[in-house]
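Let me begin by presenting the structure, written as structure tokens, before commenting on it.
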């Protein structure tokens with residue numbers, strides 16, 4: 001039991017940045033995996049064969065590795081600048097998080113994925129223009145309540161862990177919405 005306690009203490013103390021990056025990347029990949037598995041299952045019922053796209057999940061993981069450090073340092077910054085858990089402080093943290101982190105994360109996700117998919121800057125920017133507003137509006141429906149719990153009740157070292165688990169559901173939405181085609185249907189991906 002003591003070794004588990006030391007391991008846990010190291011993860012959420014000494015190695016917090018690495019833990020936060022791995023958690024963010026892993027859960028972005030897991031969210032994509034859930035969406036792809038659901039899509040494959042639905043297509044099978046229709047008699048269509050759709051293969052799992054491992055590169056797509058890999059791209060989601062890469063984006064998580066890039067955004068993990070931002071999340072880590074963002075919550076540290078907020079906790080240092082806005083100290084406390086009063087209603088007023090929590091409200092300010094939520095508004096800052098939505099205005100800065102929400103828009104940054106949504107934009108970085110769409111632009112980063114577009115670039116990793118080989119769409120180039122113009123293609124990624126076009127997709128951002130098409131999908132950002134919807135994703136950001138849904139972000140406002142999801143995250144203020146989740147962040148209220150985060151900022152009001154959790155110690156700072158567990159913020160990215162908590163957000164990452166909420167993000168599993170959020171990432172499933174992101175993956176689904178990101179990989180929709182222009183007609184509103186999910187892209188059918190066939191392995192080569």
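Read the figures in this text as sums done on the coordinates, not as results from a lab. On a predicted model such as this, the values are computed, not experimentally measured, just so you know. For neighbour counting, all protein chains shown are included, and Cβ atoms are generated from backbone atoms with ideal geometry for every residue, glycine included.
Its residues counted as N, region 44-140 yields a C-alpha radius of gyration over 2.2 N^0.38 Å of 1.38.
Go ahead and run the numbers for FRET between residue 125 and residue 88, Cβ-Cβ distance against an R0 of 35 Å, rounding to 0.05.
On the way: r = 38 Å, r/R0 = 1.08.
It comes to 0.40.
If I take R0 = 30 Å and measure r between the Cβ atoms of residue 77 and residue 2 in this structure, what FRET efficiency does the formula 1/(1 + (r/R0)^6) give, to the nearest 0.05? Please report the intermediate quantities before stating the final value.
Values: r = 34 Å, r/R0 = 1.12.
Rounded to the nearest 0.05, the efficiency is 0.35.
Using a simple spin-label model with pseudo-atoms 7 Å out from Cα toward Cβ, residue 107 and residue 95 lie 2.0 nm apart. Rg/Rh for region 2-178 stands at 1.01; both radii use Cα atoms, and Rh follows the Kirkwood definition.
Once the piece of chain linking residue 137 and residue 115 is laid out straight, how much longer is it, given 0.36 nm per residue of separation minus the C-alpha distance between them? Don't jump to the answer; show the numbers that get you there.
Working: separation 22, 0.36 × 22 = 7.92 nm, distance 2.31 nm.
Here the answer is 5.6 nm.
Taking 7 Å steps out from each Cα toward its Cβ at residue 14 and residue 180 produces label points 4.7 nm apart.
Shown is the FRET efficiency for residue 158 and residue 34, computed with R0 = 25 Å from the Cβ-Cβ distance and rounded to the nearest 0.05: 0.60.
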